[in-house]
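J.: Please read through the structure below; I'll follow up with questions.
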Amino acid sequence: MALPLMDAMAPAKAVAAEAVAQASGGAVGTGNKPPVRMAALFFPNGVYEQNWVPQQEGSDYQLPFSLEPLGDLKRDLLVLSNLDKKFSHQGDGHYAKTANFLTGLEVHKTVGKEISAGGISMDQLAAQKLAGLTPLPSMELGIDPVISGIDSNVGYTRLYGSNISWRSATNPAAKEINPRLAYQRLFASQGTGNVHDQRRRDDDQSLLDMALEDAKQLRKSLGRDDQFKLDEYLDSIRAVEKRIEFFAKPDPRTWKPSQKPGQVALPGAELPDNHLEHVRLMLDLIVLGFQTDSTRISSFMFANCVSGRNFTGLIDGVKGGHHEFSHHEGKKEKYEPYSKINRWHVEQFAYMIAKMRSIKEGEGTLLDNSMILFGSSMSDGNRHDPSNLPILLAGRGGGTIDTGRHLRSGKNTPLCNLYLTMLSRMGVPMERFGDSTGELKLS
């Protein structure tokens, strides 16, 4: 079955593993050296900059109010400022800035017929280049479902606000919002290798063949929105197919994780009622995916763009919706709860990286061998400004990143310079990515 990813897939696993290992100098986990992992965490609606950007540069800086939850983790991360996306200075307030968060390219204005986020996102580029090294090339997670309607106020499809990961300019990578289904996507096909596991994999493959053939015929008769819904389903089918293929062949990895999938508890079947619990379950799954080497690349959306999630009862002193407070107009009664919502998101980021720092791996920790990007697609939510983006980067990328600093770049430095640097540390060196002008110096 001809699918967008098939032409880009690596050939034989062993050949691909060897080629990538040579190109990356061991960054993908050769010998006893753990591999480098990468995650991109997105939160919507920007930040109140006065409570986000440190005044001091270098290692001797003070954490502003919204970043205070990172106090015990300062030495493990970088605060990055003056990063920009030049192609986000056009279009509407939110959608044209969210869809290109990881592509850095121009988003085509449309109500849904000819969508384009400009190109492949940096996480999916890495996933395609490293395909075959883990059971799941990448894992895309979120909290809000994909919305495919039209925002008539600005003339954009809401699909743009529901996706940050793109397999190609026109094909968003389906995100999973159910923790149980995300767990199954990670671990369901990782059996013990006995005859029963093999029989189950053979049965799964037969079902996949039938499902994909039927879906191929059905897609031709569907409208645009229904095609996207079907594509989401097919993405989950492909994920199972890749796991079956992975375990049907010799494991190309020489480095082996200490944590086994069978040691992971299965989440409940229903979506959690509590927003905090839902978020932390998804972050836990990313950590488990990295710890068990089930995947090395992931993305997570705390919410779709223009999120009006009500934080009443979740944050002390906050009564109202996120998007409403982001349009603070400089009023204290709005920017204070807005800053507290920013701080809440930072607390969840701190929860994740603290957990990764507690997991020993090789001579360091899981966090030492990772790069966790955390940020939003605009700086000040009131202005919808895409310059001086709020970006944090945790982890040392396998010992190649000097953390513990506020790194202020030159004004309007492309965010894609950071992506180019991260791709290089993932063993995917590129001359250019998006609107990059060169790598961002992190060491």
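J.: Could you order peptides 120-126, 337-343, 72-78 by the average number of other Cβ atoms within 10 Å of their residues, highest first?
T.: 120-126, 337-343, 72-78
J.: Taking a 31 Å limit on the Cα-Cα distance, which of the listed pairs 113/216; 97/332; 74/249; 360/441; 74/97 fall beyond it?
T.: 74/249
J.: Additional query: Could you line up 413, 134 from fewest to most neighbouring Cβ atoms inside 10 Å?
T.: Lowest to highest Cβ neighbour count: 413, 134.
J.: For residue 297, enumerate residues with amide H under 5 Å from its amide H, sequence gap 5+ or separate chain, H modeled in the peptide plane.
T.: Distant-sequence amide H within range of residue 297: 38, 139.
J.: Checking the cross-link filter: which lysines have an alpha carbon closer than 16 Å to that of residue 175, excluding same-chain neighbours under 8 positions apart?
T.: 229
J.: Follow-up. Neighbour counts of other C-beta atoms within 10 Å: give me 176, 329, 57 arranged from fewest to most.
T.: Sorted ascending by nearby Cβ count, the order is 329, 57, 176.
J.: Can you compute the FRET efficiency between residue 315 and residue 278 using 1/(1 + (r/R0)^6), with r the Cβ-Cβ distance and R0 = 25 Å? Round to the nearest 0.05.
T.: The formula returns an efficiency of 0.95 here.
J.: Still on this structure: Mind giving me the FRET efficiency for residue 256 and residue 75? R0 is 41 Å, r the Cβ-Cβ distance, nearest 0.05 is fine.
T.: Using R0 = 41 Å, I get an efficiency of 0.90.
J.: List, in order, the whole-Hz ³J(HN,Hα) value for each residue of the range 167-173 obtained from phi through the Karplus relation with A = 6.51, B = -1.76, C = 1.60 and θ = phi - 60°; use x for Gly and Pro.
T.: 6, 8, 4, 10, 10, x, 7
J.: Near the amide H of residue 413, under 5 Å away, which other amide H atoms are found, from residues 5 or more places off or on another chain, if H is placed in the peptide plane?
T.: Under 5 Å from the amide H of residue 413: 84.
J.: In addition: So if R0 is 30 Å, what FRET efficiency would residue 214 and residue 114 give, r being the distance between their Cβ atoms, rounded to the nearest 0.05?
T.: Result of the calculation: an efficiency of 0.65.
Readers should treat all values here as calculations from the given coordinates under stated rules, not as data from a laboratory. Because the structure is predicted, anything quoted here is derived from the model rather than measured. Because the Cβ atoms are built from the backbone with ideal geometry, glycine has one as well, and the counts that use them run over all protein chains shown.
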